[in-house]
Each structure stands twice: as C-alpha cells, then as structure tokens.
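To start, the structure under review is shown below, and the notes come after it.
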Amino acid sequence: MPQVLITGASGGIGQAVANVATRHDWEPICVGRSLDKLRGQLPGFHHVETDVTDESQVKMLFDDLEAGSRLPSALIHCVGSTLISPLDRVSAEQYAETIKINLTSAFMVSAH
C-alpha cells in the first residue's frame, strides 16, 4: 500500500485528506505539532509529532521514516495559517511567523 505524508494533519483540511486517502488505499502518515491532538482527531492512523518549520525536526522526521522503511510516495502539505489584519497593524514578527508557517514549512518538507 503506498504511503502519503500529510503535514498539518490535525487541521480540518489535513484530517479530510487523511480520511480520503485511506478510502483510496493509501496509508496516511499524519504529521502535526501535537501528538495528542493527532491521536484525538485521527485515531487509528500513523502519527508523527514534528514542527515542519524547524529544519532539524524535518530532517529527523525523514531520517526516522527512512530507518523504518516508511518513506512516502507522496506529500500533501496542509500546513497553513492566516493573519487577518490591516497591513499597518502587522508587525515584522507577525509577518515573519506567517511566512515561516506558510512558505518555509513547504520548502522544508519538499526539500527532502
């Protein structure tokens, strides 16, 4: 059975994708920042706690997957955050965090 790595799996889109994947004979590897949240929202799935904005954690994730012969055939990146605020009220730190969550995370997992 092919495996699919789903990042942001504890969110609504990630959960839906994991459920659809199983109906199409894919085995989801569900990644999120909270193992408890993943277990509560996606019982019976393979869960991995990883912050995909952190390069060292992403490297460890892929090293562990490879060591366990669980390298996925596909990636579905569902990590994301929305900052709803007028631009003149957004700090440089808020902007950087939004870019880190939405763009850096995609780069980190895609680069492996």
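Looking at 81, 85, 34, which one is touching a Ser or Thr at 6+ places or on another chain (Cβ under 7 Å), open to solvent by less than 70 Å² (accessible area, probe 1.4 Å) and modelled with pLDDT under 95?
None of the others qualify; the one that does is 81.
I'd like to verify a number: residues in region 88-112 that are loosely packed, with under 11 Cβ neighbours inside 10 Å and of a type in the set (Lys, Arg), how many?
The total comes to 1.
Quick one: residue 71 ticks every box in (1) in a loop (DSSP other than H, G, I, E, B); (2) in contact with a Leu (Cβ under 9 Å, 6 or more places away or on another chain); (3) crowded, with 17+ Cβ neighbours inside 10 Å bar one, so which box is it?
Among (1) in a loop (DSSP other than H, G, I, E, B); (2) in contact with a Leu (Cβ under 9 Å, 6 or more places away or on another chain); (3) crowded, with 17+ Cβ neighbours inside 10 Å, the lone unmet condition for residue 71 is (3).
What pairs come up if the first residue lies in region 14-31 and is more than 19 Å from residue 52 (Cα to Cα) and acidic (Asp, Glu), the second is assigned to a helix (DSSP H, G or I) and at pLDDT 95 or above, and their beta carbons are under 8 Å apart, counting only those six or more places apart or on different chains?
Once the first residue is more than 19 Å from residue 52 (Cα to Cα) and acidic (Asp, Glu) and sits in region 14-31, its partners that are assigned to a helix (DSSP H, G or I) and at pLDDT 95 or above give 27/21.
Can you pull out the residues in region 57-68 that are open to solvent by 80 Å² or more (accessible area, probe 1.4 Å) and either outside any helix (DSSP H, G or I) or out of contact with any His (no Cβ under 9 Å at 6 or more places or on another chain) (or both)?
60, 64, 66, 67
Just for region 37-50: of the residues that are open to solvent by 50 Å² or more (accessible area, probe 1.4 Å) and part of a loop (DSSP other than H, G, I, E, B), which one is nearest to residue 12 (Cα to Cα)?
Residue satisfying both the conditions and the ranking: 43.
What single numbered condition from (1) farther than 16 Å from residue 6 by Cα; (2) hydroxyl-bearing (Ser, Thr, Tyr); (3) over 16 Å from the mean Cα position of the chain (by Cα) fails to hold for residue 22?
Status for residue 22: all satisfied but (1).
Looking for something out of contact with any helix residue (DSSP H, G or I) (no Cβ under 8 Å at 6 or more places or on another chain), among the small types (Gly, Ala, Ser), without any contact (Cβ under 8 Å) to a residue 24 or more places away in the chain and not in a strand (DSSP E or B) - is there at least one such residue anywhere in region 77-89?
no
The values are calculated or read from the model by the stated rules, or taken from the named source; none is laboratory data. None of these values were measured; they are calculated from a predicted model. No Cβ is skipped: glycine too gets one built from the backbone with ideal geometry, and neighbour counts run over all protein chains shown. The protein model used for the area step is the full one, side chains on, heavy atoms only, and it has no ligands, DNA or RNA in it. Shrake-Rupley method; radii C 1.70, N 1.55, O 1.52, S 1.80 Å.
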